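Undergrad: Starting off with a structure, shown below.
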Amino acid sequence: MTSLAPASLAIGPHTVQPPVVLAPMAGITNAPFRTLCREFSGGKGLFVSEMITTRALVERNEKTMQLIHFDASETPRSIQLYGVDPVTVGKAVRMIAEEDLADHIDLNFGCPVPKVTRKGGGSALPYKRPLLRAILREAVTGAGDLPVTMKMRKGIDDDHMTYLDAGRIAVEEGVTAIALHGRTAAQHYSGTADWDAIARLREHVTEIPVLGNGDIWSAGDAVRMMRETGCDGVVVGRGCLGRPWLFGDLVGVFEEGGAATATPTLREVAAVMVRHAQLLGEWIGDEARGVIDFRKHVAWYLKGFAVGSEMRRSLAVTSSLAELDAQLSELDLDQPWPQSADGPRGRTSGRDRVVLPAGWLDDPYDASAVDSGAELDTSGG
C-alpha cells in the first residue's frame, strides 16, 4: 500500500486531518463507539453521531436527548439530522445553534430503509428538487456560523438519479461539503459501490469538498478511492463494524506514511469487545442493558476467528460484563488475525423496488406527496 501525502479537510472552521469521517449508523455510532474509534485514531478525524430525527429533537424526546450527548473530549461535536419538513428542520437546527448542542450539522439524504423512504425521507427526498432546496435553505439559515453538510446516494434507482442535481442545489444553498455513497436506494448495500459516480460529482461540484463513501474496508481502499475519484475525503461506515482500530490504520496511511494494517490477536480483539460493552453500560447507566446492546457487535468482532457456533450463540445472549469476559476467556485467545476477517461486513441485501409514497415519482418538482406523518417521532432510524 502506498501512502498519500498529508491531507486535511475543511468543514467550515474545522480542519479534519486526516480527511476521514465516521459515517452515521443508526444504533451503532453512539457515544461509546465514537469513543473507541477516536481512541484508535488518537482523536484525529471527524466522528458523526447516529441519525437524529428533527421532530424528536424539537420535541425534546428523552431518547433523542441522550443520543445527542457528546463526550467532553469530542471536538468538533458532529450531529446528523433527518427531516423532511423544512420548518421542522429549521427549528431543529436553530435549537442546536442557540443551545450550543453541536459544532457541525450533517443532513441525511441517504438512508434507504423502507420506514424512511416510504415517507419521502432519506434517499427518496432529493428526487423532489424544490423540497431539497427548501430544507437546505432553512438549515443553512438556521445554523448561523455552524457548518452544514449533507450525505446522499446516487438516486432512487438507475432510472431516477439525483446526485448531480442535488450537488448543484447544495452549492447554491450554502452547504459546506457533500458526501456521496456510490449506490442507489434500490441497491441498499448490495453490489459494488460506484466510485465513478463520486468522480463525476467531484468534477460537477468544484466549489466545496466532495467526500466518497462505499466499500472502504481498509486504509488501502481509502487511498485508492481518493486517487481514483479525486474526492477530498472519505466516509467510513460498515468497514469499521467490529473494527474500530481501522481509524488507526487510516491515520497511519494518511499522516504517517505507514502501510501497516492492524492485525490483532483474538486476545486483543476480546479486550476491545469487553471495553466496548463496558462503555455502553456506562453510557446507558445500566451494565446489563449495555451488554445486551453490545450483542449486535459480537459477530462483527469475531468474523474469521475459529469460534464454534455454540459459543457464538452463547456470547449473543450474555447479560453482564463478567459473563462476557468469562466466555471470551474460554476461547483460544492466541489465535492470530485471520485473512478471512477482512472484507465486507454488515448488511449486503438489495431491493428491486424502493418503497415510496404514492405518486412520488410522477413529478420531481411536486412535493405535495409529503404529509405530516413523514416526520418520524423517534430517532435512530
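The values are calculated or read from the model by the stated rules, or taken from the named source; none is laboratory data. Everything quoted here is computed from the prediction, not taken from an experiment. Every residue, glycine among them, receives a Cβ derived from its backbone with ideal geometry; neighbour counts consider all protein chains shown. Each accessible area value is taken on the protein alone, full model and side chains, heavy atoms only, with ligands, DNA and RNA left out. Shrake-Rupley method; radii C 1.70, N 1.55, O 1.52, S 1.80 Å.
Undergrad: Hey, can you tell me all the residues within region 110-129 that are open to solvent by 10 Å² or more (accessible area, probe 1.4 Å), modelled with pLDDT under 95, part of a helix (DSSP H, G or I) and in contact with a Leu (Cβ under 8 Å, 6 or more places away or on another chain)?
TA: Across region 110-129, the qualifying residue is only K115.
Undergrad: Restricting the first residue to region 195-217 and requiring it to be over 20 Å from V16 (Cα atoms), which pairs with a second residue that is among the aromatic types (F, W, Y) and crowded, with 19+ Cβ neighbours inside 10 Å meet a Cβ separation below 7 Å and a spacing of at least six or different chains?
TA: Cβ pairs passing all conditions: A197/Y163; L201/Y163.
Undergrad: Next question, about the same structure. If you take the residues in region 84-109 that are of a type outside the set (D, E, K, R) and open to solvent by 10 Å² or more (accessible area, probe 1.4 Å), which one is farthest from the chain's Cα centre (by Cα)? Steps first, answer last, please.
TA: From region 84-109, those of a type outside the set (D, E, K, R) are 84, 86-90, 92-93, 95-97, 101-102, 104-105, 107-109; that's our starting set.
Right, trim to open to solvent by 10 Å² or more (accessible area, probe 1.4 Å) and you get 86-88, 95, 97, 101, 108.
Values: P86: 22, V87: 25, T88: 22, M95: 22, A97: 22, L101: 19, N108: 10 Å.
So, considering only residues that are of a type outside the set (D, E, K, R) and open to solvent by 10 Å² or more (accessible area, probe 1.4 Å), the one farthest from the chain's Cα centre (by Cα) is V87.
Undergrad: Examine region 218-226 for a residue that is open to solvent by less than 10 Å² (accessible area, probe 1.4 Å), at negative phi and out of contact with any Gly (no Cβ under 8 Å at 6 or more places or on another chain), and state whether such a residue exists. Don't jump to the end; show me each part of the working.
TA: Within region 218-226, the first condition is being open to solvent by less than 10 Å² (accessible area, probe 1.4 Å), and the residues that meet it are 219, 222-223, 225.
Next cut, at negative phi only: 219, 222-223, 225.
Keeping just the survivors that are out of contact with any Gly (no Cβ under 8 Å at 6 or more places or on another chain) gives 222-223.
Within region 218-226, one or more residues are open to solvent by less than 10 Å² (accessible area, probe 1.4 Å), at negative phi and out of contact with any Gly (no Cβ under 8 Å at 6 or more places or on another chain).
Undergrad: Name every residue in region 176-194 that is without any contact (Cβ under 8 Å) to a residue 60 or more places away in the chain and not charged (D, E, K, R), in order of residue number.
TA: Within region 176-194, I178, L180, G182, T192, A193 meet the criteria.
Undergrad: Something else about it: Residues being assigned to a helix (DSSP H, G or I), open to solvent by 30 Å² or more (accessible area, probe 1.4 Å) and of a type in the set (S, T, N, Q): count how many of those fall in region 313-333. Break it down stepwise before answering.
TA: Filtering region 313-333 down to residues assigned to a helix (DSSP H, G or I) leaves 313-315, 321-329.
Applying the additional criterion that residues be open to solvent by 30 Å² or more (accessible area, probe 1.4 Å) yields 313-314, 321-323, 325-326, 329.
Among the residues that remain, those that are also of a type in the set (S, T, N, Q) are: 314, 329.
Qualifying residue count for the region: 2.
Undergrad: If you don't mind, there's one more thing I want to ask. How many residues are at pLDDT 90 or above and closer than 30 Å to S218 by Cα if we restrict to region 322-353? Give the steps one after another, and end with the answer.
TA: Just the residues of region 322-353 that are at pLDDT 90 or above, to begin with: 322-338.
Imposing the further condition that a residue be closer than 30 Å to S218 by Cα reduces the set to 324-325, 327-338.
So the answer is 14.
Undergrad: If you don't mind, there's one more thing I want to ask. Does L250 qualify as being farther than 30 Å from T206 by Cα, in a helix (DSSP H, G or I) and in contact with a Ser or Thr (Cβ under 8 Å, 6 or more places away or on another chain)? Even if it seems obvious, please write down each step before you answer.
TA: Numbers: farther than 30 Å from T206 by Cα: no; in a helix (DSSP H, G or I): yes; in contact with a Ser or Thr (Cβ under 8 Å, 6 or more places away or on another chain): yes.
Considered against the rule, which asks whether it is farther than 30 Å from T206 by Cα, in a helix (DSSP H, G or I) and in contact with a Ser or Thr (Cβ under 8 Å, 6 or more places away or on another chain), L250 comes out as no.
Undergrad: So, G214, is that one over 15 Å from A166 (Cα atoms) and buried (at least 20 other Cβ atoms within 10 Å of the Cβ) or not?
TA: When the stated conditions are applied, G214 passes them.
Undergrad: Something else now. Condition first: part of a helix (DSSP H, G or I), under 14 Å from Q327 (Cβ atoms) and either open to solvent by less than 60 Å² (accessible area, probe 1.4 Å) or modelled with pLDDT of 95 or more (or both). Now tell me which residues in region 300-312 satisfy that.
TA: Within region 300-312, Y301, L302, M311 qualify.
Undergrad: Do we find that V272 is surrounded by fewer than 21 Cβ atoms within 10 Å (Cβ to Cβ), under 16 Å from F40 (Cα atoms) and in contact (Cβ under 8 Å) with a residue 24 or more places away in the chain in this structure? Let's see the steps before the verdict.
TA: Numbers: surrounded by fewer than 21 Cβ atoms within 10 Å (Cβ to Cβ): yes; under 16 Å from F40 (Cα atoms): yes; in contact (Cβ under 8 Å) with a residue 24 or more places away in the chain: yes.
Against the criterion (surrounded by fewer than 21 Cβ atoms within 10 Å (Cβ to Cβ), under 16 Å from F40 (Cα atoms) and in contact (Cβ under 8 Å) with a residue 24 or more places away in the chain), V272 qualifies.
Undergrad: With respect to V234, determine if the residue is under 27 Å from N30 (Cβ atoms), in contact (Cβ under 8 Å) with a residue 24 or more places away in the chain and touching a Ser or Thr at 6+ places or on another chain (Cβ under 6 Å). So that I can check it myself, show each step before the final result.
TA: Numbers: under 27 Å from N30 (Cβ atoms): yes; in contact (Cβ under 8 Å) with a residue 24 or more places away in the chain: yes; touching a Ser or Thr at 6+ places or on another chain (Cβ under 6 Å): no.
Taking the combined requirement at face value, the residue does not satisfy it.
Undergrad: With the checklist (1) open to solvent by 10 Å² or more (accessible area, probe 1.4 Å); (2) within 17 Å of V210 (Cβ to Cβ); (3) in contact with a helix residue (DSSP H, G or I) (Cβ under 7 Å, 6 or more places away or on another chain) in hand, flag the one item R133 doesn't pass.
TA: (2)
Undergrad: Looking at region 254-261, can you tell me whether even one residue there is crowded, with 19+ Cβ neighbours inside 10 Å and touching a strand residue (DSSP E or B) at 6+ places or on another chain (Cβ under 8 Å)?
TA: So far as region 254-261 goes, yes, one or more of its residues are crowded, with 19+ Cβ neighbours inside 10 Å and touching a strand residue (DSSP E or B) at 6+ places or on another chain (Cβ under 8 Å).
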